[in-house]
Amino acid sequence: MKDKHKVEQEFLKQLESLKKHNKFYFSEDSPKISDHEYDNLKKNLKELETKYPFLKKINSVENIVGAKPTNKFEKIKHLTPMLSLSNSFDINDINDFHKKIYNFLSLKNQKIELFCEPKIDGISATLIYEKGILKKGLSRGDGHTGENILENLKTISSIPRRIEFKNLPDLLEIRCEIYLGKKDFYKLKDKFANPRNAAGGSLRQKNSSETSKIPLKYFAYGFGMIKPMVFSRQSEFLKKINELGFSTNPLSEKIEGADNIQRYHKKIDNLRSSLEYDIDGIVLKVNDINLQKRLGNTSNSPRWATAYKFSAEKAITRIEKIVIQVGRTGAITPVAKVEPVTVGGVVVSNATLHNEDEILRKDIRLGDTIQIQRAGDVIPQVVTVDTDKRDKKSKKFIFPKKCLCGALTIKEKNKTTKKEDAVRRCTRGYDCKYIAKEKLKHIVSKDAFNIDGLGKKVIDQFWELNLIKEPSDIFKLDFKKIENLDGWGEVSINNLKKAITKSRNINLDKFIFSIGIRHIGQENAKILASFFGSINEFVKLSNSKTRKRILNNLVDLDGIGETQISSINNFFLNKSNIKITNDLVQSLDIKNFSVNFKNGKFSNKRLMFTGGFQNISRSEAKAIVEKNGGKVLGTISKKLDFLVVGDSKPTKKKIDQAKELNIKIILEKDWNKILNS
Ligand code: IVH
């Protein structure tokens with residue numbers, strides 16, 4: 001036998017590594033090694049145990065992890081998407097949230113009742129009851145498609161299997177947050193980084209008997225689809241389901257006005273450490289379900305709710321180094337490399353310094369002792385600098401004027417405010433290799449091409465190996481070379497091939513979002529896609545002769561302003577952008593923007609607005625048309641069916657153009673009649 005001590009040391013080293021990687025694995029999809037390497041690590045440990053049985057007395061691999069979480073659950077499409085919440089951090093954000101609601105609903109002085117709840121820091125799931133019987137239990141997944149984790153959810157005995165009440169809807173979908181209590185987590189703290197990861201890991205076990213070993217709990221906080229709808233308020237809904245046996249949070253309250261929101265936020269924050277479950281803020285919801293419906297959603301989150309986060313956890317550390325990072329839009333962000341410190345249970349070794357102005361304002365220097373804070377998933381930031389602890393010889397930090405690629409950076413002027421931007425930028429686009437790499441990471445990300453298996457780490461690796469240098473390379477990958485790389489096996493390669501093939505079919509709006517034009521987010525990409533209709537029209541922007549004319553037409557598009565137009569122009573002024581975009585187009589099958597005409601009073605109709613209305617905002621009018629199967633266009637053309645003219649300051653030019661093209665004009669009073677019909 002080898003030296004017993006050496007065997008033991010090797011075993012403990014590998015066991016520690018397994019524990020560490022379990023944490024990464026369970027930390028919501030942030031594994032640092034491939035599945036293959038993970039399996040090997042576990043296999044090695046097991047082999048050591050079999051060969052040297054005395055090791056089992058020290059600790060067993062089985063004690064470290066029950067079973068590896070799986071991604072092999074059946075995928076099921078959600079009945080209605082499981083969205084995220086917008087975040088608010090202070091009273092200004094709350095006032096903004098209120099303002100947007102009032103503007104959208106075109107309200108003036110009416111009071112809006114909010115329902116406020118603690119925001120549970122767990123894992124979301126949805127429970128579907130058909131005629132009172134629990135039929136499906138799904139994880140959130142990507143928000144549109146979840147995984148069937150019903151058997152695992154059934155291990156939570158407090159989730160009702162069957163419900164009965166007088167007006168029970170045929171279909172009742174309950175949204176809830178699954179969590180592990182703090183005391184229960186304490187017993188498992190060697191296996192997981194925090195209670196949330198423990199709950200996530202437990203729910204992802206293939207074998208529900210593994211899940212049942214962990215005493216998960218839940219709070220029901222909302223609903224998905226309910227047919228027929230029998231509730232009119234969030235408060236009423238929660239009260240009713242609580243009577244039916246669902247666990248709901250007892251700290252929820254009806255609230256009105258900003259002062260009371262502040263008071264509630266403070267009250268719950270004060271209770272935070274004494275609660276048996278982790279919370280990371282409060283959630284404010286418009287209580288009236290009809291108003292919720294009217295407000296609807298943006299791409300990712302409802303307009304009728306926001307998460308008001310608690311202030312961030314803080315820690316003291318020291319700046320060891322200041323480096324710069326280059327983002328996909330060329331923004332140069334200074335980052336402090338700090339002595340590793342634990343903030344809210346997570347080891348932090350980087351903190352963002354935002355930009356040059358921020359460094360100047362706070363006079364942040366190398367070697368400084370600083371207080372940092374970390375709020376939720378946001379990158380840790382510097383709060384204060386302790387100048388008393390500063391070395392007398394320390395010098396002001398001189399912000400580099402050059403990008404990592406060597407090119408000079410610039411500060412742009414805001415077209416409207418005429419002020420200089422705080423952010424320095426490298427303007428070389430794809431010609432800067434640092435920007436190019438970040439653009440690739442954006443292209444493969446969830447909201448863009450959504451290529452599973454091509455995460456940020458893999459892009460870094462493939463970039464270094466010259467496998468991917470620009471987007472079209474993704475579709476010409478040399479899998480022979482990948483086969484020989486560590487951590488890549490038959491299964492992972494096949495999965496990657498499948499994911500890439502699937503991503504070739506992309507909708508025009510996603511494509512426009514993916515190519516990463518600055519200021520063109522998901523919403524703007526949709527507006528542009530509806531304007532261009534097809535990729536052939538969109539690529540006409542590459543031609544300097546046609547571009548000018550097209551950009552002039554964009555001026556009339558609702559939602560697209562001067563900033564966006566100038567950004568599109570800049571994007572297509574760059575030759576590399578044009579070449580790279582065109583090469584990418586050749587590899588893809590880009591679907592024309594199709595208006596998904598639903599059934600409704602505007603089915604198959606294209607409308608346009610001019611002027612403001614007395615009772616509803618332009619945004620709500622647009623949302624109503626879309627909900628009722630119609631489409632709102634931004635420019636007058638023969639395609640238009642109606643021009644709806646609001647009483648407040650309509651544009652005469654648009655009315656004249658509509659008349660010329662024989663487009664039917666609807667005046668505000670008739671519009672109101674249609675809405676009420
Ligand atoms: S309401 C967007 N209420 O937070 C859909 N969510 O960041 C409305 N969460 O996915 C969500 N406690 O998993 C709502 N009281 C609460 C919540 C809550 C925790 C989670 C939920 C959601 C996530 C959004």
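Any read-out appearing in this document is the output of simple, stated calculations on the displayed coordinates, not a laboratory observation. Because the structure is predicted, anything quoted here is derived from the model rather than measured. Neighbour counts are summed over all protein chains in view; Cβ atoms, including those assigned to glycine, are modelled from backbone coordinates with ideal geometry.
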Give me the Debye-computed log₁₀ of I(q)/I(0) at q = 0.15, 0.30, 0.32 Å⁻¹ for segment 501-542, equal point scatterers on Cα only, no solvent, two decimals.
-0.33, -1.11, -1.18
Unit charges at the beta carbon, dipole of the chain: most positive-side option, Asn505, Gln262, Tyr38
Asn505
What's the exposure ranking of Lys480, Lys51, going from fewest to most Cβ atoms within 10 Å?
Lys480, Lys51
Between segment 350-366 and segment 74-103, what's the alpha-carbon centroid distance in Å?
31 Å
Based on other C-beta atoms within 10 Å, arrange Ile282, Ile398, Ile636 from fewest to most.
Ile398, Ile636, Ile282
May I ask which of Lys402/Lys433; Lys240/Lys309; Lys540/Lys579; Lys136/Lys240 have a Cα-Cα span longer than 18 Å here?
Lys240/Lys309; Lys136/Lys240
Quick calc: nm separation of the 7 Å Cα→Cβ label points for Ser594 and Asp558 -> 2.5 nm
Give me Rg/Rg_expected for the chain, where Rg uses Cα atoms only and Rg_expected = 2.2 N^0.38 Å with N residues.
1.06
Within the chain: Cβ-based charge dipole about Cα centre, in debye rounded to nearest 20 (Lys, Arg +1; Asp, Glu -1)
1140 debye
Output needed: percent of Cα pairs per 10 Å distance bin for segment 383-423, bins running from 0 to the one holding the longest distance.
21, 28, 30, 20, 1
Quick numbers on segment 73-196, Rg and Dmax over C-alpha atoms in Å, give 18.4, 54
Spherically averaged projected area in nm², based on the convex hull that wraps the Cα atoms of segment 134-193
5.9 nm²
Cα-based convex hull, segment 459-617, per residue volume (Å³, whole number)
161 Å³
Dividing the convex hull volume of the alpha carbon atoms of segment 597-664 by its residue count, what do you get in Å³ per residue?
76 Å³
Segment 466-514 - Debye-derived log10 I(q)/I(0), Cα point model, q = 0.24, 0.26, 0.31 Å⁻¹:
-0.97, -1.05, -1.23
Would you mind getting the Kirkwood hydrodynamic radius of segment 523-677 from its Cα pairs, rounded to one decimal in Å?
17.0 Å
With the radius of gyration and the Kirkwood radius both derived from the Cα set of segment 381-495, what is their ratio Rg to Rh?
1.13
Sequence order, segment 380-392: Karplus ³J(HN,Hα) from phi using 6.51 cos²θ - 1.76 cosθ + 1.60, θ = phi - 60°, Hz rounded, Gly and Pro as x, gives x, 10, 7, 9, 9, 10, 8, 5, 4, 8, 6, 5, 4
Share of antiparallel DSSP beta bridges in segment 230-383, in percent to the nearest 5?
95 percent
Given a cut-off of 32 Å, name the pairs among Lys389/Lys418; Lys510/Lys669; Lys389/Lys456; Lys415/Lys510; Lys19/Lys267 whose C-alpha atoms lie farther apart than that in the structure shown.
Lys389/Lys418; Lys510/Lys669; Lys389/Lys456; Lys19/Lys267
What percent does the relative contact order of the chain come to when contacts are Cα pairs within less than 8 Å and at least six residues apart?
10 percent
Here the Kirkwood hydrodynamic radius of segment 591-635, Cα-based and in Å, equals 11.0 Å
Could you tell me how far the Cα centroid of segment 571-618 sits from the Cα centroid of segment 150-228, in Å?
40 Å
Translational diffusion coefficient, Stokes-Einstein: compute it for segment 237-288 using the Kirkwood radius over C-alpha pairs as Rh, at 10 °C and 1.306 mPa s, and state it as an integer in µm² s⁻¹.
127 µm²/s
If pairing requires two Cys Cβ atoms under 4.7 Å apart, which cysteines of the chain are left without a partner?
Cys116, Cys176
Listing Glu49, Glu490, Glu117 by rising number of other beta-carbon atoms within 10 angstrom, fewest first, gives Glu490, Glu49, Glu117
